[in-house]
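Here is the structure we will look at.
Here, each number is a calculation from the coordinates, and none is a lab measurement. What you see is a predicted model, and the numbers here were worked out from it, not measured in a lab. FYI the Cβ positions are ideal-geometry reconstructions off the backbone, even for glycines, and counts take in every protein chain you see.
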Amino acid sequence: MVITVDMPGERDKQAWRTELTDRRAVLSATVQEDEALALAAAVTTLGVREWVCAYVPVDREPGSTAMLDALRAGGARVLLPVTGPPGPLSWAEYTGADEMRRARYGLLEPIGTVLPPDTVARAETILVPALAVDRRGVRLGRGAGYYDRTLAAARPDARLVAVVRDDELVERLPEEPHDLRMGWALTPRGGLRRLGGDSAWE
C-alpha cells in the first residue's frame, strides 16, 4: 500500500525537502534503531549475489551499516560512494565497519582503493538514498545532483532501489526532465515494493 502524506504534489522540491527533513529531525533513537534492524533484514530478500552499490546512512537516513553487513553475509560485494567535486560518484569496496574513514558531508567511506565512476556499471542492484520516492518512481534527493550524474552510467537492467521510511513513499513528487525514476522502494515495514511499470526486474 502506498502511504500518502499531507502535501500537495505541486509544491516545489525545496518545500518537500524542508518538510521531510523536519520530519526526520524529530524521530527518536528507538525508532531509528528499530528501522535499521528491519532494513538489515529486508535487504536479505533482495537476493544479490554479485555487486551491489549501497551507502552509509547519515543525518537520520533510514538504515545503518548493518544493511551492508547483511548484504555481504548473503554473498554480495558492496560498493560505497566516495565523494569528490560535483559530478559522478567514485566508489570503494566495503569490507567492514572497522575499515571506514570520515569524509566530507559527514559521510563514512571505505579506506580501500578508490574506483572510477563507471564502476557503478558492475552493480545488479543499486540502493539509492532518498528523502522520498513516489509511486511512479520519482525520487527526491538532497539536491546536490551526485546520483543524477552517477546513475546515467548504471547498466540498463540494474535494479534501482530508493531506501526510504514507510511514510516517505508518497503519491506524487515534483519531477524534472533529468530525473531518473526508481524501479523499487525499500522500506522498514513494507520491505521491497515495485514502483511504476518501467523496471526490467520482475
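Between rounded, prolate and oblate, where does the stretch 61-202 land on the alpha carbon gyration tensor, with a ≥ b ≥ c its root eigenvalues, rounded for a/c under 1.5, else prolate if a/b exceeds b/c?
It comes out prolate by the Cα gyration axes.
5 Å is the cut-off here: which amide hydrogens, built 1.01 Å from N in the peptide plane, fall below it relative to Ala132, excluding neighbours closer than 5 in sequence?
Hits under the 5 Å cutoff: Leu140.
Can you give the extra length, in nm with one decimal, that the chain gains between Leu192 and Asp167 once fully stretched, where that is 0.36 nm per residue apart less the Cα-Cα distance? Working shown, then result.
Details: separation 25, 0.36 × 25 = 9.00 nm, distance 1.42 nm.
Residue separation times 0.36 nm, minus the Cα-Cα distance, leaves 7.6 nm.
Got a sec to turn the phi values of the stretch 160-173 into Karplus ³J(HN,Hα) couplings, 6.51 cos²θ - 1.76 cosθ + 1.60 with θ = phi - 60°, whole Hz, x for Gly and Pro?
9, 10, 7, 9, 9, 6, 4, 7, 9, 8, 10, 5, 7, 10
Taking a virtual spin label 7 Å from the Cα of Tyr105 along the C-beta vector, which residues in the stretch 46-60 bring their backbone nitrogen under 14 Å of it?
Flagged as within label range: 54-60.
For the chain, what is the percent of antiparallel DSSP beta bridges, rounded to the nearest 5? Before the final figure, lay out each step's value.
Values: 15 of 30 bridges.
Roughly 50 percent of the DSSP beta bridges within the chain come out antiparallel.
May I ask for the net charge around Ile111, where only other residues with Cβ less than 14 Å from the Cβ of Ile111 are counted and Lys, Arg are +1 while Asp, Glu are -1?
-2
Enter the Cα centre distance for the pair the stretch 123-185 and the stretch 22-40, rounded to the nearest angstrom.
20
Compute the distance in nm between two label points, each set 7 Å from the Cα along the Cα-to-Cβ direction, one at Arg142 and one at Thr45.
For the pair Arg142/Thr45, the computed spacing is 2.8 nm.
So between Leu37 and Arg17, what do we pick up on full extension, going 0.36 nm a residue minus the alpha carbon distance?
Full extension from Leu37 to Arg17 adds 4.7 nm.
DSSP beta bridges in the stretch 92-202, what fraction antiparallel, as a percent rounded to 5?
Within the stretch 92-202, antiparallel bridges account for around 45 percent of the total.
Going by alpha carbons, how many degrees (0 to 90, nearest 10) lie between the helix axis of 29-42 and the longest principal axis of the chain?
The answer is roughly 70 degrees.
Once you have a ≥ b ≥ c as the square roots of the Cα gyration tensor eigenvalues for the stretch 1-143, tell me rounded if a/c is under 1.5, and otherwise prolate or oblate according to whether a/b is larger than b/c.
prolate
Mind checking the stretch 22-124 for trypsin sites (Lys or Arg not before Pro) that DSSP puts in a loop (not H, G, I, E or B) and that have at most 12 other Cβ atoms within 10 Å? Don't jump to the answer; show the numbers that get you there.
Working: sites: Arg23, Arg24, Arg49, Arg60, Arg72, Arg77, Arg101, Arg102, Arg104, Arg122; in loops: Arg49, Arg60.
Sparse-neighbourhood loop trypsin sites (Lys or Arg not before Pro): Arg49.
Please give me the summed charge of the neighbours of Gly87: other residues whose Cβ is under 11 Å from its Cβ, Lys and Arg +1, Asp and Glu -1.
0
Short version: ³J(HN,Hα) in whole Hz for each residue of the stretch 120-128, in order, from phi by Karplus 6.51 cos²θ - 1.76 cosθ + 1.60 (θ = phi - 60°), x for Gly and Pro, what are they?
In residue order, the calculated couplings are 4, 5, 6, 7, 7, 9, 10, 8, 10 Hz.
Only loop residues by DSSP count here, and only those with at most 14 other Cβ atoms within 10 Å; note down the GluC sites (Glu not before Pro) in the stretch 73-181 that meet that.
The qualifying sites are Glu171.
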